[in-house]
Amino acid sequence: MKITQGIPVHFKETRLASWNSLSRFWLDYAHDDSFHHQVHVQVQAGVLRHTSDTSARTLIDLGCGPGGLLANLRRARAWSNIVGVDFCPTMISLARRSNFTGRPQIYFQLADVEGELASQLPETARRFDCATSVFVVDEAGMLDAYFRSAAVVLRQGGIFICATLDYQRELLRYGDEIRAQGAEGAEIVIGKGLSIQGTLTEAELFRVLRNPDTLKEAARAQGFKLLEETVFDPATLGSRQEGPGLRLLCWQKCDGD
């Protein structure tokens, strides 16, 4: 069985509840967490590298959280319009209450990236030169909808910088296949070609969806061309724990209007 569909609706509801809870201490956590700080540094470097010789002036962050990345990007170069969207109401509330002084003003909008994103934005802010997204694809249940939203809000030739946790390192440790405990105790087998035998739990499904080949295929289907792919070891980003590092994917929108 191939994974072709998104995750069940109740998984998204569970994630929303988790992010609403997490937002209560997110600002303090992110401020002290060197791993997330270094991730933002690398995303910003990718944006500057791929827009420095262009006329890019408009920017959107898909899954902006409390808005810190956008505030840093605004200081890094001149923009005329900056928008952050997130599906978590408390994250958007945090972003709107933050004291991000400077020009232009950052506009924060509650929106679901896996929905019809353009229709959730003001008519004057529906097309951008550059988009960023940090770890949002790691929780996207419908990759086609996620990349479709990115394509819809980007102009032709626009740059999309996507950061994802590098779970490929973990997958490779298991060899040709992964055997794991599935729903209700049943064993599942995940083969290299994402061939699934058994019933997936939420965590297992996310691990499959994070496979970089799956992400690239979904992005290509929406007209994105991969410009650059960089993998960072967790230790180089200040992580104190074993686990995945960072995979930074830089795409350009080439097809569509």
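Computed from the coordinates by the stated procedures, all read-outs in this text should not be read as laboratory data. Not measured: the values here are computed from a predicted model. Note that we place each Cβ from the backbone using ideal geometry, even for glycine, and neighbour counts take in every protein chain shown.
Ranked by the mean number of other Cβ atoms within 10 Å per residue, highest first, peptides 95-102, 40-47 order as 40-47, 95-102. Exposure proxy ranking for E114, E228, based on other Cβ atoms within 10 angstrom of each Cβ and starting from the fewest, stands as E228, E114.
Inter-label distance, L226 to Q105: 4.1 nm, where each label sits 7 Å from its Cα along the C-beta direction. Altogether, the Stokes-Einstein calculation at 10 °C and 1.306 mPa s, with the Kirkwood radius of the range 38-91 over Cα pairs as Rh, returns a diffusion coefficient of 136 µm²/s.
Test of understanding: what is the full-extension gain from V41 to D213, defined as 0.36 nm times their sequence separation minus their Cα-Cα distance?
Using 0.36 nm per residue and subtracting the Cα-Cα distance, I get 59.4 nm.
In a fully extended conformation the segment linking Q156 and S80 would gain 25.6 nm over its present Cα-Cα distance, using 0.36 nm per residue. Distance between the C-alpha centres of the range 35-80 and the range 143-163: 15 Å, rounded to the whole angstrom.
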